[in-house]
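Structure first, commentary second.
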Amino acid sequence: MSTGPIVRVLTDPAAVFTAAAMEFLERARTAIQGSGQFTVALSGGSTPRSLYSLLATQSDVPWDKIRFFFSDERHVRPDSPDSNFRMVNESLFSRAPIPQENIFRVPAEIPDADLAAQSYEQTLRQFFHLGDEKEDDALPRFDLILLGLGPDGHTASLFPGTAALHEDERLVAANWVEQFKTWRITFTYRVLNNAAAVLFLATGAEKQEALLQVLQGNPDPETYPAQGIKPTNGNLIWLVDQAAAGPMK
Ligand code: 6PG
């Protein structure tokens, strides 16, 4: 059973990242107490870089029990300036004692984006002990999935009007994004909405319109894909700054 979104408006980006770090660490400690590990899927883009840098400075974090995945990835090599993995590696993985075996990056260097998506889906199925697609419609359940919000209302790599919005079988999909003329690899709604908790971070005035539409607009996930994030049995939390919240009550 899920309640509606919890929306916290904080004064500025620094306050958003501090609150996000506390949420991350609190959920990690609770998950590790319960199951011995914390499974988290990280968002990309630019907003969360400061959160990852802040987490890297924290002491007594049980890094060895935290398993890192990615909610989406660009179809680029891991050393590309566009790579979400590279951004997290620079801001967190290279700055905290995180065992390499705890990092599950998307093999986005595979030339065929669909093969890359299939490979990452197999990684999820193996990690979460799921059977293959035909025999097992069970879903991975992440303790926490971090997401961002694009000014156009996209989240992960679920962009307006794209095919992956309607993917109801795969866990991970290759998604052609016409506006960028590029492939992306992304979790589908099936995985995103099965998380125990989804935490959105949105800062800056450029997110104001999208945030208002997603949280208070008419239901239209084809146009505002972030509206489609409704955990079936989990928490949905938005941490936004005043610039992004604008006049929203
Ligand atoms: C990506 C992200 C994407 C991001 C939004 C917001 O791969 O770019 O997963 O969904 O969260 O585009 O990006 P910014 O944080 O850069 O505004």
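The values are calculated or read from the model by the stated rules, or taken from the named source; none is laboratory data. On a predicted model such as this, the values are computed, not experimentally measured, just so you know. Neighbour counts are summed over all protein chains in view; Cβ atoms, including those assigned to glycine, are modelled from backbone coordinates with ideal geometry. Just the protein is used for accessible areas: all its heavy atoms, side chains included, with ligands, DNA and RNA removed. Shrake-Rupley method; radii C 1.70, N 1.55, O 1.52, S 1.80 Å.
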query: Straight-line reach from residue 207: which aspartates and glutamates have a Cα under 16 Å away, not including same-chain ones fewer than 8 places off?
result: 12, 152, 241
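Among 182, 39, 11, 18, what's the order by accessible area (1.4 angstrom probe), most exposed first?
On the way: 182 40, 39 5, 11 90, 18 70 Å².
My answer, sorted largest first, is 11, 18, 182, 39.
Where Lys and Arg each count +1 and Asp and Glu each count -1, what net charge lies around residue 173 among other residues with Cβ under 11 Å from its Cβ? Mind dumping the intermediate values first?
On the way: positive: 170, 184, 190; negative: 72, 114, 121, 167, 168, 169.
With Lys, Arg at +1 and Asp, Glu at -1, the net is -3.
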Proximal aspartates and glutamates to residue 134, defined as alpha-carbon separation beneath 19 angstrom and excluding residues fewer than eight positions away on the same chain: 114, 121, 167, 168, 169
message: Placing +1 on the Cβ of each Lys and Arg and -1 on the Cβ of each Asp and Glu in the chain, which of 54, 83, 148 has its Cα farthest towards the positive end of the resulting dipole?
response: 54
- line: In whole angstrom, the spacing between the Cα centers of region 1-29 and region 69-101 equals 22
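In square nanometres, what is the average projected area of the Cα convex hull of region 44-177? Spell out each step's value before the answer.
Working: hull surface 34.2 nm².
In nm², the orientation-averaged hull projection of region 44-177 is 8.5.
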message: Just to be sure I understand: with springs between alpha-carbon atoms less than 10 Å apart, which residue in 225, 140, 111 has the highest mean-square fluctuation in the Gaussian network model of the chain?
response: 111
task: Choose one answer from 195, 15, 164: the residue with the largest mean-square fluctuation in a GNM of the chain with alpha-carbon springs under 10 Å.
output: 15
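Note down the magnitude of the dipole of region 172-242 about its Cα centre, charges +1 on Lys and Arg C-beta and -1 on Asp and Glu C-beta and zero elsewhere, to the nearest 20 debye.
Values: 5 positive and 6 negative charges, 60 e Å.
My answer is approximately 280 debye.
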- prompt: Using Cα-only point scatterers and the Debye equation, what is log10 of I(q)/I(0) for region 163-221 at each q in 0.16, 0.20, 0.24 Å⁻¹, rounded to two decimals?
  reply: -0.72, -1.06, -1.16
message: With every protein chain left in place and a probe of 1.4 Å, what is the accessible surface of residue 74, to the nearest 10 Å²?
response: 60
- prompt: Going from most exposed to least, what order do 64, 143 have by accessible area with a 1.4 Å probe?
  reply: 64, 143
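Would you list 90, 209, 167 from the most to the least accessible area, probe 1.4 Å? Each step should come with its number before you reach the end.
Details: 90 80, 209 100, 167 55 Å².
Final ranking, largest accessible area leading: 209, 90, 167.
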message: Can you list residues from other chains, or at least 5 along the same chain, whose modelled amide H is less than 5 Å from the amide H of residue 10?
response: 240, 241, 242
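Taking all protein chains in place and a 1.4 Å probe, what share, in percent, of the accessible surface of region 55-211 do carbon and sulfur account for? Could the numbers behind the result be given before it?
Numbers: 3170 of 6550 Å².
The C+S portion of the solvent-accessible surface of region 55-211 is 48 percent.
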field: Carbon plus sulfur fraction of accessible area for region 1-47, probe 1.4 Å, in percent
entry: 59
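Is there a quick way to get the dipole size of region 32-97? I mean about its Cα centre, with the Cβ of Lys and Arg at +1 and of Asp and Glu at -1; what is the value in debye to the nearest 20?
Working: 7 positive and 7 negative charges, 2 e Å.
Here region 32-97 has a charge dipole of around 0 debye.
By the gyration tensor of its Cα atoms, with a ≥ b ≥ c the square roots of the eigenvalues, what is the shape of the chain: rounded for a/c under 1.5, prolate for a/b over b/c, or oblate?
Values: a/c = 1.31, a/b = 1.06, b/c = 1.23.
Verdict is rounded for the chain.
Excluding ligands, DNA and RNA, what is the solvent-accessible area per residue of the chain at a probe of 1.4 Å, expressed in Å²? Kindly include the intermediate steps, with their values, before the conclusion.
On the way: 10960 Å² over 249 residues.
Accessible area per residue: 44 Å².
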Exposure of residue 241 as accessible area (Å², to 10), given a probe of 1.4 Å and all protein chains: 10
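When a/c reaches 1.5 or more, the comparison of a/b and b/c decides; with that in mind, is region 1-61 rounded, prolate or oblate per its Cα gyration tensor? Walk me through the numbers on the way to the answer.
Details: a/c = 1.78, a/b = 1.17, b/c = 1.52.
It comes out oblate by the Cα gyration axes.
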- prompt: Among 163, 66, 183, which residue has its Cα positioned farthest towards the positive end of the charge dipole of the chain, with +1 placed on the Cβ of Lys and Arg, -1 on the Cβ of Asp and Glu, and the dipole taken about the Cα centre?
  reply: 66
field: 222 nm mean residue ellipticity, helices alone, for the chain (DSSP H n ≥ 4; -39,500 (n - 2.57); rounded to 500)
entry: -8500 deg cm²/dmol
message: With a 1.4 Å probe and all protein chains kept in place, how much accessible area does residue 166 have, in Å² rounded to the nearest 10?
response: 120
